[in-house]
Amino acid sequence: MKKISIIVLFVLAYSYLHAQDTYFIQNIKGIVKNGSNTVKKGDKIDATSKLTFTKGALLMVSSQKEGMKILPAKPVSSETAYTLADLLPKTNRASTRGNFIQNPKYFENYFGDGVYCVFGDETQVKVNLTDYPMNKDSYFSLRYDYNNEIVDKKLAFAGDQFVISKKELFSIKGKDIDSSEIAEFALHYHSGTKKSPNLVASFMPLFISVSQELKTEIGGMVAMFKEETPENRQKYFNDFRRSIATRIAAENAQMPDEYKENLNYWLEKNFDLKAE
Amino acid sequence: MKKRILLIIITVINAFLMLLLSFWLMTLPFNNGDELLVIEWGSKIKKIFLGLEKKPSKEDFIFINVAYDKQLTDKLDDNGFPIGKQVITDRYKLGHFLEILGKKPQNQKFIIGDVFFGDSVGLDPCRNDSISPDFRLYAAMKKLPNLMLSYHLKENDSIDYPIFRDIPRGLSDYTTTEDIFLKFQFVKYDSIPTLPLEMYKFLHKKEVKKEGLFLLSEMNVLLNTHILDIKIRNYDLFVAEEKYKMDNLENILSGVMNEEAVLEYVKDRIIVIGDFEVTDNHKTIYGDTAGSLLLVNAYLNLRDGDNRLTVWLFLYLFSCYALISYLTFQKEKQLVKWVQESKFIQKIKFLRFLRNPNILDFVGNATTLLLTSMGSFLLFDVQLGILYLTLYLFIIRRVAGYLKLYE
């Protein structure tokens, strides 16, 4: 089973050097655990703490010995490399990513292997039915470990889309459960013709509630550019999309710097705004 | 024989003259721009690539970044009328922080407040202020005898006093060469002490007086203007694996740490409050460096005696200058002769200009002076900045030729 990347810090060499150090947790992005407890802003931990980070998660701490630190620490270049790098010409890199799952290879790109943010309480994911037919015997499930028990949640579907719902995912036998207790989620595809399911992606779903103020603001913006020409509308949509994701991230401190999200689905569902 | 004795006397006199000129050049607030490259790469090779430097203790300092702790306040025109808003460092936060420090004034060794308090801030009705943040800040400052504020000179060189007149202060201005900071002057205009000097006097209980081109401290002669050895650089604050302790004021006052924890956080350290990221960065030979860091480095140079004139440095310079003088007063310089006769140089087109004796003399002098400077840096960690002596040597050789003083 492919696991969500976990980074374990402190327990060895680092704790040896800084065993007496105290860390005040100033801010968190993503999900960080100290043993089995989720780390919260304002917590005080020491250097022997065993921390686990979901992919992309970050901690801002004030260390008694070193001042402000971001954990996990990034690899540090030597001052020689840093000085020489200053002499080299700077280059930029651009990247693109697909919006919907068209075939198997896009699963990993779509969910990544870190945090997948779901704006709102549910999202639908469109798949290619030729590769992933969905019916009574063939379906997707999200599997997780809760209190040492494996829970396998069959995901509802309609047509060529399956549904990830917060309510469905975080309830067992009709009772709500604490999602912070779950470290990883694995998306499986159950094929009616095969005995064992296929793991297609691992990620940590993070359900994000968007404030009414921001929704009202977005609604106003959408109304403003509905009158525009298709070319302008497309251009505005592209710019608008990124700025909305940034605004939502600013409202939600737990969102890590690196995440995938269902923004297109959310915009379409809430504002009838389609990516053209 | 007489001529040989005369030559020795002239050589010694000239070496002394060069020594005096060197000290004078070293006291100038600027440097020869052509020498920058040598100083820059000499420093980088020695300090960074070869790692031949001893870093100051990381236990001595805590750098508190206020780059993003801002508030809006009225901008007044020359007549005192509000003409809009300006962004200043948040005085509420500073006041709160200093109030905490004031509960144990001796908890921290020293506090550098490298924030300029130029204009007053009034009551903010949105905060239901009953007392101006300036009063609160002032009251907190008065409880801290080891606090020193920085201030600047206006464009016309008059003093731009901070609004808190009776809080100890030190000048924090410096000059640049080709927009790059290189030299720090500890006393400006004969009598205006800078913050690092005042800090040194406070922390080490030492008297430092300016006498002519130099500073006198106990039995030591110090250079007043000095090519600063930047021991703590931006790299050490933001990139290095083992960084110097730095935090944002926002974090310290976030409530995550209670007052006791804050006092423990800064205990026994020199607290440096300044903008380390946005507005107060200066180009140096090591790249951008925060202004507050330059003040700290100037203090460290004083503390470590980097600008002290030692007998060994004096002897080294005198020996080098005596040798250069001796070569200058030779009728025919061996180097000139060798280059002019060199088939190698004759073959390479772009080096043919060196066959001109005047150019060659100039280049030769510049090279020997740069080598002297590099030797001083390698042996004594003192950057000299003496390239202007090239011109002096060029002239003195021609004067000697005119007076027929050549051997």
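General observations
- Size of charge dipole - chain B - debye, nearest 20, with Cβ of Lys, Arg +1 and Asp, Glu -1, no other charges: 2320
- Stokes-Einstein diffusion coefficient of the range B:1-142, Kirkwood radius over Cα pairs, 37 °C, 0.692 mPa s, in µm²/s: 153
- A Gaussian network model of chain A, with springs between Cα atoms under 10 Å, assigns the largest mean-square fluctuation among A:Ala253, A:Ala85, A:Ala156 to A:Ala85.
- Global form of the range B:280-335, assessed from the alpha-carbon gyration tensor, a/c cut-off 1.5: oblate
- Zone of A:Tyr146's modelled label, taken as backbone nitrogen in the range A:207-225 under 16 Å from a point 7 Å along Cα→Cβ: A:207
- Percent of Cα pairs exceeding the 23 Å cut-off, where the set is the range B:121-237: 46
- Degrees, to the nearest 10: A:212-225 long Cα axis against longest axis of chain A: 60
- Taking label positions 7 Å along the Cα-Cβ direction at both B:Leu21 and B:Ile163, the computed distance is 5.2 nm, reported to one decimal.
- In nm, spacing of pseudo-spin labels at A:Asp176 and B:Glu242 (7 Å Cα→C-beta vector): 5.0
- Given R0 = 22 Å, the distance between the Cβ atoms of B:Val363 and B:Lys331 translates into a calculated FRET efficiency of 0.70.
- Residue separation of A:Lys44 and A:Asn128 scaled by 0.36 nm, minus their Cα-Cα distance, works out to 25.5 nm of gained length.
- Of the beta bridges in chain B, as assigned by DSSP with both residues counted there, near 60 percent are antiparallel.
- Computed from the C-beta positions of A:Arg247 and B:Asp34 and an R0 of 45 Å, the FRET efficiency is 0.30 to the nearest 0.05.
- Coarse-grained scattering of the protein assembly as shown at q = 0.06, 0.10 Å⁻¹, given as base-10 log I(q)/I(0) from a Debye sum over alpha-carbon atoms: -0.54, -1.08
- With both residues required to sit in the protein assembly as shown, DSSP beta bridges show an antiparallel share near 70%.
- Computed from the C-alpha gyration tensor, the three semi-axes of the ellipsoid equivalent to the range B:61-303 are 29, 22, 19 Å, from longest to shortest.
- Separation between Cα centres of the range B:187-253 and the range A:198-276, rounded to whole Å: 51
- Chain B: radius of gyration and largest Cα-Cα distance (Dmax), Å: 26.1, 92
- Between B:Ser57 and B:Phe318, the contour length at 0.36 nm per residue exceeds the Cα-Cα span by 90.5 nm.
- Along the range B:371-388 the Karplus relation, 6.51 cos²θ - 1.76 cosθ + 1.60 evaluated at θ = phi - 60°, assigns HN-Hα couplings of 5, 4, 5, 5, x, 4, 5, 5, 7, 10, 6, 10, 7, 8, x, 10, 5, 4 Hz to successive residues, with x for each Gly and Pro.
- Hydrodynamic radius (Kirkwood) for the range A:196-245, which is based on Cα pairs only, to one decimal in Å: 13.7
- Over every Cα atom in chain A, the radius of gyration and the widest Cα-Cα span, Dmax, amount to 21.4, 63 Å.
- Tilt relative to chain B, helix B:133-142 - C-alpha long axis, 0 to 90 degrees, to 10: 70
- Per the Debye formula on identical point scatterers at the alpha carbon atoms of the range B:89-173, with no solvent, log10 I(q)/I(0) at q = 0.11, 0.18 Å⁻¹ is -0.31, -0.78.
- Nearest 10 degrees, 0 to 90: helix B:91-102 Cα axis against chain B principal axis: 90
- Top of B:Leu171, B:Leu228, B:Leu379 by mean-square fluctuation, Gaussian network on chain B, Cα under 10 Å: B:Leu379
- Simple spin-label estimate for B:Glu207 and B:Ile395 in nanometres, 7 Å along Cα-Cβ: 3.9
- Share of Cα-Cα pairs in the range B:183-237 lying beyond 17 Å, as whole percent: 41
All of the numbers you see were taken from the coordinates with simple rules; none came from a lab. Just so you know, these numbers come straight off a predicted model, no measurement behind them. Every residue, glycine among them, receives a Cβ derived from its backbone with ideal geometry; neighbour counts consider all protein chains shown.
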